[in-house]
2 protein chains.
Amino acid sequence: MKLDDLVHEVSEWLKGSGPDPDIVISSRVRLARNIQSSPFVHWANRRKGKSILSKLEEAVGAIPHMKSALFLRIDELTETDKQFLLERHLISHEHAQGGGFRGVAISDREVISIMLNEEDHLRIQVLQSGFNLSEAWRLASSVDRELEQRLELAYSPSWGYLTACPTNTGTGLRASVMVHLPCLMMTKQIGKVLQALNKLSLAARGLFGEGTEAAGNFFQFSNQVTLGQSEEDIIDNLERVIRQIIDHEKEARKVLLGQNKEKLFDQIWRSYGTLRNSYIINSQETINLMSLVRLGVDMGIVSNIDRKVVNELFILTQPAHLQKLEGKDLTPQERDVKRAELIRGKLNHEGRK
Amino acid sequence: MKLDDLVHEVSEWLKGSGPDPDIVISSRVRLARNIQSSPFVHWANRRKGKSILSKLEEAVGAIPHMKSALFLRIDELTETDKQFLLERHLISHEHAQGGGFRGVAISDREVISIMLNEEDHLRIQVLQSGFNLSEAWRLASSVDRELEQRLELAYSPSWGYLTACPTNTGTGLRASVMVHLPCLMMTKQIGKVLQALNKLSLAARGLFGEGTEAAGNFFQFSNQVTLGQSEEDIIDNLERVIRQIIDHEKEARKVLLGQNKEKLFDQIWRSYGTLRNSYIINSQETINLMSLVRLGVDMGIVSNIDRKVVNELFILTQPAHLQKLEGKDLTPQERDVKRAELIRGKLNHEGRK
């Protein structure tokens, strides 16, 4: 597999399947790990960084889950390629922008991606479609065990896994769930939800991770505490809270449909109509309109599009994806035209079904 | 024919045929006439007003053009019916709102409508589709001649036809053309056009006559001077000016298409997408979006809708028309829902062609 092939594939986490696919886009588990007796990434000089990367690539390439993985070195990538991996949630902003010897290994269907020499030596990430933290955790810990057989990991009996940043020490686990909450936004209940999450020490982020806004009514909720709880407790806790949020969103959808069906239909179908007919459209407007179309699909109001197509469009309409599809750099204006063309093509194709 | 049947018919002037149908909606000629030795409408008492109306109805009913005409008395109409006639351009605001003994006679396909006891005893109006003032004038003067055979009209050898308001004295003729000038609006050239018209003593009004705004980029241009020129000169003069405006608008369309095709397509198709998919829409938004869809049809950009359907929708989506179609009074909110439903139905039907 090559990097350029990814653009024509639908990542596992975008399939729109799995449990509660009408509200939960994807579930993610990541583990932060470091090698014993090697300096942390920020402390390693170039020579050391390079040798650590080779060692990590060798170990990762040897484990069964990553046999046919795609291995990439960040410094060999173009800016567009880095942006492309970021848009697919395969690497972090820091990994794309930081220098030095960094790499990433990506499994089939992008279920597992392992960042090498990010903030920690290893960042094992598993993405699943829908509300499926348990499967993501099962797979991540199995990758973890395989790596532990090949690498001596930095582990303290009293602290747990040691990490570059103390906020990750202990389990090194961050579990997160990406949810779509348009009706909690419309009914202005989202503020309360975010306050409650904060009290429970859970973090809320936007579609593209830390520092991004909650565009298109998408939120990533994740644990902040990694220490003093077992992995299972962290995941159980997050699952329980998300389950409640899902119920709230479902209730809000029911209420809106009951109170003013026409208004809801109007918002959803106008979004669909605009997307299907525009010739110039920027990413912000796209994501906001797609959010409403997805709501329509999820509520059975829009029945002529597949949820997978909607999910896919969220990613394909991102700047780097458009440029990969076109095979060349595009100005923002050119992207807005290309984006509109892509959306029209997909929705017209689906609409004819 | 009954009043209620009209709602299911397409008026002649909305057929979208005739010369220059891509820019000119309709051409109209109206003649103001009064009966000799009867008081003007505003001076007549109730008894006199009633007897004049009977006399007019008899004379109008006897002329060949109006043999199968629909005769209505305004005071017998509901508010919705009056509004309905107004929306179809068959009566004036003043006629709908004024009291007393007023009537209207409407010919087949609404080509000829004669208001009785409006400001003048007789207001003969002929509407034609497209840029066709000569045919409208031919027909109006033929109706005029037929009436003169049956009624003694107030005429002075030195002043011409006498009218209640001196601005109509002389020929009693007002010729007007309704044009659609979206691209002169977009390119901000319309201001100059209106200034030039003013210098030529021509008036500009909106879609629904005097005092209405130029909604949806529609303008009615008409002569203001009725005295000191022959009917043919008045019409020739207006025709020549309109011909220039048509050429300007055509040029502006070409320029916009050449300069930024995507932007033009974007505006037109988004309008189409919104109209085809909305569930709540008010008349103002409808008319603005329909204007762009009509531009699309006229430029051959939108090919799956007939111009006639677009024209028809301008009228059918008006408040009284919606209520006549529904067969009952509707609140503004109910109308917005009904309007959206009607538009969706028409466009989806057309879109499947």
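If I go through segment A:151-210 residue by residue, how many of them are part of a strand (DSSP E or B), closer than 17 Å to A:Val225 by Cα and without any contact (Cβ under 8 Å) to a residue 60 or more places away in the chain? The total comes to 5. Taken over segment A:338-353, the criterion of being part of a helix (DSSP H, G or I), within 14 Å of chain B (Cβ to nearest Cβ) and at pLDDT below 90 is satisfied by A:Asn348, A:Gly351. In segment B:242-263, the residue that is farthest from the other protein chains (Cβ to nearest Cβ) out of those that are open to solvent by less than 30 Å² (accessible area, probe 1.4 Å) and within 24 Å of the chain's Cα centre (by Cα) is B:Ile242. If we scan segment B:35-51, do we find a residue that is modelled with pLDDT of 95 or more and touching a Leu at 6+ places or on another chain (Cβ under 6 Å)? Checked segment B:35-51: at least one residue is modelled with pLDDT of 95 or more and touching a Leu at 6+ places or on another chain (Cβ under 6 Å). Remark: A:Leu313 falls outside the filter, which requires a residue to be buried (at least 19 other Cβ atoms within 10 Å of the Cβ), of a type in the set (A, V, I, L, M) and assigned by TED's automatic domain parsing to the domain that holds A:Leu197.
Could you tell me whether any residue of segment B:169-176 is of a type in the set (Gly, Ala, Ser), under 15 Å from B:Phe219 (Cβ atoms), under 23 Å from the mean Cα position of the chain (by Cα) and assigned by TED's automatic domain parsing to the domain that holds B:Gly61?
Pass one, segment B:169-176, residues of a type in the set (Gly, Ala, Ser): B:170, B:172, B:175-176.
Checking the rest, the ones that are also under 15 Å from B:Phe219 (Cβ atoms) come to B:175-176.
Next cut, under 23 Å from the mean Cα position of the chain (by Cα) only: B:175-176.
Those left that are additionally assigned by TED's automatic domain parsing to the domain that holds B:Gly61: B:175-176.
Checked against the condition, which is being of a type in the set (Gly, Ala, Ser), under 15 Å from B:Phe219 (Cβ atoms), under 23 Å from the mean Cα position of the chain (by Cα) and assigned by TED's automatic domain parsing to the domain that holds B:Gly61, segment B:169-176 yields at least one hit.
The single condition from (1) touching a residue at least 12 places away in the same chain (Cβ under 8 Å); (2) away from chain A (no Cβ under 13 Å); (3) in a helix (DSSP H, G or I) that B:Gly228 fails is (3).
Among residues belonging to segment B:17-40 that are closer than 15 Å to B:Val177 by Cβ and assigned to a loop (DSSP other than H, G, I, E, B), point out the one that is most open to solvent (accessible area, probe 1.4 Å). Don't jump to the end; show me each part of the working.
Step one: filter segment B:17-40 for residues closer than 15 Å to B:Val177 by Cβ, giving B:18-30.
Narrowing the set further to residues that are assigned to a loop (DSSP other than H, G, I, E, B) leaves B:18-23.
Details: B:Gly18: 39, B:Pro19: 56, B:Asp20: 29, B:Pro21: 29, B:Asp22: 35, B:Ile23: 0 Å².
Per the criteria, the residue is B:Pro19.
Among the residues of segment B:15-30, are any in contact (Cβ under 8 Å) with a residue 60 or more places away in the chain, charged (D, E, K, R) and within 19 Å of B:Cys165 (Cβ to Cβ)? Steps first, answer last, please.
Here is the first cut: in segment B:15-30, the residues in contact (Cβ under 8 Å) with a residue 60 or more places away in the chain are B:15-30.
Okay, now just the ones that are also charged (D, E, K, R), so B:15, B:20, B:22, B:28, B:30.
Retained after the next criterion (residues that are within 19 Å of B:Cys165 (Cβ to Cβ)): B:28, B:30.
Yes, segment B:15-30 contains at least one residue that is in contact (Cβ under 8 Å) with a residue 60 or more places away in the chain, charged (D, E, K, R) and within 19 Å of B:Cys165 (Cβ to Cβ).
For segment B:119-131, the set of residues classified as open to solvent by less than 10 Å² (accessible area, probe 1.4 Å) and either in a loop (DSSP other than H, G, I, E, B) or touching an Asp or Glu at 6+ places or on another chain (Cβ under 7 Å) (or both) consists of B:Asp120, B:His121, B:Ile124, B:Leu127, B:Ser129, B:Gly130, listed by residue number. Residues in segment A:4-16 that are assigned to a helix (DSSP H, G or I) and either in contact with a helix residue (DSSP H, G or I) (Cβ under 6 Å, 6 or more places away or on another chain) or loosely packed, with under 15 Cβ neighbours inside 10 Å (or both): A:Asp4, A:Asp5, A:Val7, A:His8, A:Glu12, A:Leu14.
In segment B:168-187, which residues are open to solvent by 20 Å² or more (accessible area, probe 1.4 Å) and closer than 10 Å to B:Ala32 by Cβ? The answer is B:Arg174, and nothing else. Do we have B:Gly216 as assigned to a helix (DSSP H, G or I), surrounded by 14 or more Cβ atoms within 10 Å (Cβ to Cβ), within 14 Å of another protein chain (Cβ to nearest Cβ) and small (Gly, Ala, Ser) here? Judged against the criteria, B:Gly216 is not a match. Would you confirm, using the coordinates I've provided, whether A:Ile112 is under 30 Å from A:Asp247 (Cα atoms) and modelled with pLDDT of 95 or more? Yes. Filtering segment A:319-350 to residues that are touching a residue at least 60 places away in the same chain (Cβ under 8 Å) and open to solvent by 20 Å² or more (accessible area, probe 1.4 Å) leaves A:Pro319, A:Gln323, A:Lys324, A:Leu325, A:Asp329, A:Glu341, A:Arg344, A:Asn348. Go through segment B:305-337 and count every residue that is within 14 Å of chain A (Cβ to nearest Cβ) and either touching a strand residue (DSSP E or B) at 6+ places or on another chain (Cβ under 7 Å) or assigned to a loop (DSSP other than H, G, I, E, B) (or both). Result for segment B:305-337: 3. If you take the residues in segment A:41-60 that are β-branched (Val, Ile, Thr) and open to solvent by less than 10 Å² (accessible area, probe 1.4 Å), which one is farthest from the chain's Cα centre (by Cα)? Result: A:Ile52.
Picking from residues in segment B:264-304 that are open to solvent by 60 Å² or more (accessible area, probe 1.4 Å) and within 22 Å of B:Val193 (Cβ to Cβ), the one that is farthest from the other protein chains (Cβ to nearest Cβ) is B:Asn288.
Taken over segment A:132-154, the criterion of being out of contact with any helix residue (DSSP H, G or I) (no Cβ under 6 Å at 6 or more places or on another chain), buried (at least 20 other Cβ atoms within 10 Å of the Cβ) and closer than 21 Å to A:Asp247 by Cβ is satisfied by A:Asn132 alone.
The values are calculated or read from the model by the stated rules, or taken from the named source; none is laboratory data. This is a predicted model, so every value here is computed, not measured. Positions of Cβ are backbone-derived with ideal geometry, glycine not excepted, and every protein chain shown enters the neighbour counts. Calculation scope for accessible area: heavy atoms of the full protein, side chains included, ligands and nucleic acids excluded. Shrake-Rupley method; radii C 1.70, N 1.55, O 1.52, S 1.80 Å.
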